[in-house]
Amino acid sequence: MKSIYPAFSELCETTLHRQPDAMSDVLSDLWLPLAMQVASRRQELGRPFIQGILGGQGTGKTTMCAVLTLILKELGYHSLSLSLDDLYKTYSDRLKLTQQDPRLIWRGPPGTHDIDLGLTVLDQIRQLQSPVAVPRFDKSAYGGVGDRITPEVVEGIDIVLFEGWFVGVQPIESTAFDTAPPPIITDEDKAFARDMNRQLSDYLPLWQRLDSLIVLYPNDYRCSLEWRLQAEQQMIAAGKSGMSEKEIEQFVYYFWRSLHPELFIKPLVTMPTLVDLVIEINSDHSFGAVYQPK
């Protein structure tokens, strides 16, 4: 705790924009033991450890990766943060995809990623190949549509923190969509949800590379809409361009229509065969219960 605190304080002030003292309990009670557990698993494994982190918008995936990376560095481990976003298909490939299926109006849902690229990168790291070219994605390219940029060349990776809004999520029975929660309402909504569920099967080889899965689980999935609205308001207040409330609602509903949290994430938190740790997130972004599924 003492050795990590100066670097942690700097991270709080420069990146998290939080007072270090306000975060010290979370550091000692959650992040530090979690990082030590990940380091221990890496030692036992004898090869790079792939930690999956599943969480929707605003659950703190990026923050968790930044803090774990910092602690693991202090413990002598070289971590790599990899986002599901980094595996998006290129801008030109996604243009073709939208022409084939006009329902894919935004990047994000199953089918918009290059799964083979992800498998190649994770397998190279697992097999101790070095250096590895890690894909990176710039969301601001093409006026916010986004595109892949020059890969990051990395060496000597011990631990991969692989995060994303549906990392580790499994396909479900298609009958679940007969009585799906809003905003899956119309027959068109249900058809889209079923198609996305089928696409999810293609991601299973990627999830099989995970050595562990953590779920950041909001007490109420609808918080992600509120959090997105707050984030957008902060951006606008800082003089940046942002979406209107209606646009944000359409954006979030689009993700819920493709993989609804109640249908896909809620069942996971009771599956010890798939999930190693659940961290509940309160509406104010603080952490609630932390437990292993039973």
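The values are calculated or read from the model by the stated rules, or taken from the named source; none is laboratory data. Computed from a predicted structure; not experimentally measured. Ideal geometry is used to build each Cβ from the backbone, glycine not excepted, and the neighbour counts take in all protein chains shown. Areas reflect the complete protein model, heavy atoms only, side chains present, ligands, DNA and RNA absent. Shrake-Rupley method; radii C 1.70, N 1.55, O 1.52, S 1.80 Å.
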* Residue check, Phe49 against (1) under 19 Å from Arg136 (Cβ atoms); (2) touching a residue at least 60 places away in the same chain (Cβ under 8 Å); (3) among the hydrophobic types (A, V, I, L, M, F, W, C), all met but one. Which one? -> (1)
* **Filtered residue count, the range 67-80, keeping only those that are open to solvent by 20 Å² or more (accessible area, probe 1.4 Å) and part of a helix (DSSP H, G or I)** => 4
* To do: Would you mind finding the one in Leu16, Leu11, Leu97 that is open to solvent by less than 50 Å² (accessible area, probe 1.4 Å) and over 26 Å from Tyr217 (Cβ atoms)?
  => Leu97
* Residues (acidic (Asp, Glu), at pLDDT 95 or above and part of a loop (DSSP other than H, G, I, E, B)) located in the range 81-114 -> Asp114
* To do: Name, by its number, the condition in (1) at pLDDT 95 or above; (2) under 26 Å from Leu80 (Cα atoms) that does not hold for His285.
  => (1)
* Output the residues belonging to the range 24-71 that are over 19 Å from Val290 (Cβ atoms) and touching a strand residue (DSSP E or B) at 6+ places or on another chain (Cβ under 6 Å). => Arg42, Phe49, Ile50, Thr69
* To do: Within the range 194-204, identify whether any single residue is open to solvent by 40 Å² or more (accessible area, probe 1.4 Å), among the hydroxyl-bearing types (Ser, Thr, Tyr), touching a residue at least 12 places away in the same chain (Cβ under 8 Å) and not in a strand (DSSP E or B), and answer yes or no.
  => yes
* Can you tell me which residue among Asp178, Asp220 is on the phi < 0 side of the Ramachandran plot, at pLDDT below 95, open to solvent by 40 Å² or more (accessible area, probe 1.4 Å) and assigned to a helix (DSSP H, G or I)? => Asp178
* So how many residues does the range 102-113 have that are out of contact with any Gly (no Cβ under 8 Å at 6 or more places or on another chain) and open to solvent by less than 50 Å² (accessible area, probe 1.4 Å)? -> 6
* To do: Specify which of the listed residues (Leu268, Leu213, Leu225) is in contact with a helix residue (DSSP H, G or I) (Cβ under 7 Å, 6 or more places away or on another chain) and either part of a helix (DSSP H, G or I) or of a type in the set (A, V, I, L, M) (or both).
  => Leu225
* Kindly provide the set of residues from the range 42-62 that are under 30 Å from Trp256 (Cα atoms) and either in contact with a His (Cβ under 9 Å, 6 or more places away or on another chain) or modelled with pLDDT of 95 or more (or both), ordered by number. => Ile50, Gln51, Gly52, Ile53, Leu54, Gly55, Gly58, Thr59, Gly60
* Across the range 19-46, which residue is most open to solvent (accessible area, probe 1.4 Å) among those that are in contact (Cβ under 8 Å) with a residue 24 or more places away in the chain and among the small types (Gly, Ala, Ser)? -> Ser28
* Asked: Residue check: is Leu259 closer than 27 Å to Pro33 by Cβ and within 16 Å of the chain's Cα centre (by Cα)?
  -> no
* Using the structure shown, decide if Asp189 is over 30 Å from Arg42 (Cβ atoms), surrounded by fewer than 13 Cβ atoms within 10 Å (Cβ to Cβ) and not β-branched (Val, Ile, Thr). => no
* Asked: within 30 Å of Gly143 (Cα to Cα), open to solvent by less than 50 Å² (accessible area, probe 1.4 Å) and touching a residue at least 60 places away in the same chain (Cβ under 8 Å) - does that describe any residue in the range 265-285?
  -> no
* What pairs can you find where one residue is in the range 233-247 and modelled with pLDDT of 80 or more, the other is surrounded by 10 or more Cβ atoms within 10 Å (Cβ to Cβ), and their Cβ atoms are less than 7 Å apart, with a gap of 6+ or different chains? -> Glu245/Leu229
* Asked: Applying the selection to the range 115-172, what residues are in a loop (DSSP other than H, G, I, E, B), farther than 25 Å from Arg41 by Cβ, open to solvent by 50 Å² or more (accessible area, probe 1.4 Å) and touching a residue at least 24 places away in the same chain (Cβ under 8 Å)?
  -> Lys139, Val145
